[in-house]
Amino acid sequence: MLDSSRPLKPVCWVGSARDDLREFPAAVQRFCGQAILVAQAGGKASDAKPLKGFGGASVIEIVCRHEGNAFRVVYTTMYPDSICILHVFQKKSRSGFKTSLADIKAVKRRLKEVEDARGR
């Protein structure tokens, strides 16, 4: 449930994240969009969890399963004035739950870009 009395935080999109989300099936876009809206309102969707390896709960992963595929949206809440969408991807691994090294590197690179741009 969203608190309509609170203003929504703006979303900043890093790199190709917005375009990548637009490539997902419509149902996945709606699901992820709803989870992002919850984050904008200061909450955390039930299908969102801290991304392992980032020390704490400031880097969040939205997990969406659709027609046998796994889709992910990674964002950060480390800035109180906005939600920054860092990386959007379809998980390709056929076994296990680990996120690929390439995707982890992309998240780290884009998080650093945001930190550098904000002078942190």
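Here, each number is a calculation from the coordinates, and none is a lab measurement. All values derive from a computational prediction rather than experimental measurement. Heads up, the Cβs are rebuilt from the backbone with ideal geometry, glycines too, and the neighbour counts pull from every protein chain shown.
Structure summary
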item: Some residue of the range 107-118 being in contact (Cβ under 8 Å) with a residue 60 or more places away in the chain, basic (Lys, Arg) and out of contact with any Phe, Trp or Tyr (no Cβ under 6 Å at 6 or more places or on another chain); result: yes
item: Sole residue being farther than 15 Å from LEU111 by Cβ, among the hydrophobic types (A, V, I, L, M, F, W, C), in contact (Cβ under 8 Å) with a residue 12 or more places away in the chain and in contact with a His (Cβ under 9 Å, 6 or more places away or on another chain), chosen from VAL28, VAL38; result: VAL28
item: Contacts under 8 angstrom Cβ, first residue in the range 55-77 being in contact (Cβ under 8 Å) with a residue 40 or more places away in the chain and under 24 Å from PRO10 (Cα atoms), partner part of a strand (DSSP E or B) and among the hydroxyl-bearing types (Ser, Thr, Tyr), 6 or more apart; result: VAL59/TYR75; VAL59/THR76
item: Criterion violated by VAL38 - all others in (1) out of contact with any Phe, Trp or Tyr (no Cβ under 6 Å at 6 or more places or on another chain); (2) within 24 Å of LEU101 (Cα to Cα); (3) of a type in the set (Val, Ile, Thr) satisfied; result: (2)
item: Candidates SER16, SER5, SER58 - the one that is farther than 22 Å from ALA117 by Cα and of a type in the set (Ser, Thr, Tyr); result: SER5
item: Tally, over the range 1-31, of residues that are exposed (fewer than 15 other Cβ atoms within 10 Å of the Cβ), in contact with an Asp or Glu (Cβ under 9 Å, 6 or more places away or on another chain) and among the aliphatic types (A, V, I, L, M); result: 1
